[in-house]
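Let me begin by presenting the structure, written as structure tokens, before commenting on it.
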Amino acid sequence: MFEELDVFAVVVEQSSINQASKLLNLSQPALSRKIAKLEDQLGLQLFNRRGKRLELTSIGQIVYTFALEQRQQQIKFLQTLAHYREGDQISINLGASLTTLQTTLPPLVNAFMERHPAAEIKLITGKTHEIVSYVRDKRVDVGIVASSINQPGLNCIPLFDDHLELVIPSSHPLAEIEDVGIEQLQGLPMIIFSTGTWYRKLTDDLFHRWGIMPDIRMEIDSFEAIVRLIPTCKAAALLPKSYLRPQLLSDNGLVDIHIPALIETRRTTSLIYGQASELSKAASRWIEETEILFRKLEEDKSKKN
């Protein structure tokens with residue numbers, strides 16, 4: 001039936017069996033038989049014949065619309081097959097921790113999709129150790145984690161370094177102090193990350209090292225929720241500098257305070273993958289373009305400094 005639908009669409013567009021037969025390189029009798037066969041299959045009359053002129057019936061118009069949809073689907077299908085045959089179809093399985101998903105991944109995906117609009121990206125989230133396992137088990141092609149990974153059988157490419165900054169409401173008393181020290185976190189009302197998250201371990205280690213006991217008001221595992229609740233709770237939080245875009249701070253009435261001791265919380269966001277020889281062309285392309293992107297960002301940062 002699909003062949004007859006395509007022929008039917010051409011006849012409609014040419015408004016003539018004669019013109020359509022020339023375009024399709026079919027004899028007029030053969031073309032007429034195909035139209036008759038389609039009408040028999042549907043049990044409906046698609047044309048009103050007025051001499052040599054053909055007019056669509058009301059149901060013929062509906063069938064024509066369906067035929068056009070089928071034509072577009074066929075074109076798309078054939079293009080997809082061609083992409084796969086040529087190795088151009090881009091389909092990637094990515095693994096990312098929740099923190100990476102909220103901070104690093106969106107601009108990466110945006111940049112990649114701008115260059116490859118037809119790319120298909122599937123994402124699995126999990127904690128850092130889970131993402132490492134997913135890469136090992138080949139559940140994902142590439143992982144992006146907020147940590148350096150040094151394990152046999154895995155390749156790790158450092159992308160950028162980051163550290164925590166103190167974030168407070170713009171009306172907070174500490175916002176008026178020129179030099180805020182780590183000791184001023186003692187007893188400070190704070191919202192911190194939930195137990196089991198990578199950032200919670202980072203802050204717990206920091207507090208233990210400096211003997212700090214903050215006044216913990218809430219434990220949350222969402223960046224967005226913490227940002228929204230800081231002004232409401234009149235509390236502070238320690239968040240990664242890479243997440244603290246000026247617009248985000250401005251929209252929520254927040255300021256970030258640099259504390260020299262927080263440099264100790266430096267972490268490296270990395271891209272991890274297994275054996276390079278086992279990567280798909282799409283995964284290799286993602287890795288290559290991600291490296292280039294961050295190299296360019298570092299170069300631009302160096303020029304500004």
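The values are calculated or read from the model by the stated rules, or taken from the named source; none is laboratory data. From a predicted model like this one, the values you see are computed outputs, not experimental measurements. Don't worry about glycine lacking a Cβ; one is built from the backbone with ideal geometry, like all the others, and counts go over all protein chains shown. Surface areas here come from the heavy atoms of the whole protein model, side chains and all, with no ligands, DNA or RNA. Shrake-Rupley method; radii C 1.70, N 1.55, O 1.52, S 1.80 Å.
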Worksheet, complete the sentence: Taking alpha-carbon centroids only, segment 170-225 lies from segment 228-305 a number of Å equal to 19
Worksheet item: Does anyone have the angle between helix 2-14 and the longest principal axis of the chain? Alpha-carbon axes, 0 to 90°, nearest 10?
Response: 70
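Quick one: ranking 267, 115 by accessible area, 1.4 Å probe, largest first, what do you get?
Sorted descending by solvent-accessible area, the residues read 115, 267.
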Response to the item:
Among trypsin sites (Lys or Arg not before Pro) in segment 11-71, those in a DSSP loop whose Cβ has at most 10 other Cβ atoms within 10 Å are 52
Worksheet item: Roughly speaking, to the nearest percent, how much of the chain's 1.4 Å accessible area is carbon and sulfur?
Response: 51
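Please give the per residue accessible area of segment 164-262, computed with a probe of 1.4 Å over protein heavy atoms only, in Å². Let's see the in-between values first.
On the way: 4950 Å² over 99 residues.
Accessible surface, normalised per residue, equals 50 Å².
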Worksheet item: Put a dot 7 Å past each Cα toward the Cβ at residue 160 and residue 277; how far apart are the dots in nm?
Response: 3.5
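How large is Rg over Rh for segment 141-250, taking Rg from the Cα atoms and Rh as the Kirkwood inverse mean of 1/r across Cα pairs?
Numbers: Rg = 15.6 Å, Rh = 15.5 Å.
Ratio value, two decimals: 1.01.
Which sequence of 213, 218, 1 reflects their accessible areas, 1.4 Å probe, from the largest down? Before the final figure, lay out each step's value.
Numbers: 213 140, 218 70, 1 95 Å².
I get 213, 1, 218, largest accessible area first.
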Worksheet entry | C-alpha long axis of helix 105-115 to longest principal axis of the chain, angle in ° | 30
Worksheet, complete the sentence: Rounded to one decimal in nm, the spacing of the 7 Å Cα→Cβ label points at residue 2 and residue 58 is 3.1
Item to complete: Quote the accessible area belonging to residue 210 in square angstrom, nearest 10, computed with a 1.4 Å probe and with ligands, DNA and RNA left uncounted.
Response: 110
Fill in: Label-point separation in nm, residue 209 to residue 175, each point 7 Å along Cα→Cβ
2.9
Worksheet, complete the sentence: Once all protein chains are kept in place, residue 127 shows an accessible area at probe 1.4 Å, nearest 10 Å², of 100
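Would you please give the FRET efficiency between residue 250 and residue 123, computed as 1/(1 + (r/R0)^6) with r the Cβ-Cβ distance and R0 = 25 Å, to the nearest 0.05? Walk me through the numbers before you get to the answer.
Details: r = 29 Å, r/R0 = 1.15.
Efficiency for this residue pair is about 0.30.
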Worksheet item: Between residue 261 and residue 216, what FRET efficiency follows from the Cβ-Cβ distance if R0 is 25 Å, with the result rounded to 0.05?
Response: 0.85
Item to complete: Starting at the first residue of segment 210-218, write each ³J(HN,Hα) from the Karplus equation 6.51 cos²θ - 1.76 cosθ + 1.60 with θ = phi - 60°, in whole Hz, x for Gly and Pro.
Response: 9, x, 9, 10, x, 8, 6, 8, 8
Response to the item:
For segment 1-83, shape from the Cα gyration tensor axes a ≥ b ≥ c, cut at a/c of 1.5 then a/b versus b/c, turns out prolate
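For segment 1-83, with every protein chain kept in place, what is the accessible area per residue (1.4 Å probe, Å²)? Don't jump to the answer; show the numbers that get you there.
Working: 5360 Å² over 83 residues.
Value for segment 1-83: 65 Å² per residue.
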Worksheet item: Across segment 167-181, in residue order, what do the Karplus-derived ³J(HN,Hα) couplings come to in whole Hz, using 6.51 cos²θ - 1.76 cosθ + 1.60 with θ = phi - 60° and x for Gly and Pro?
Response: 10, 9, x, 4, 8, 5, x, 5, 5, 8, 8, 6, 10, 9, x
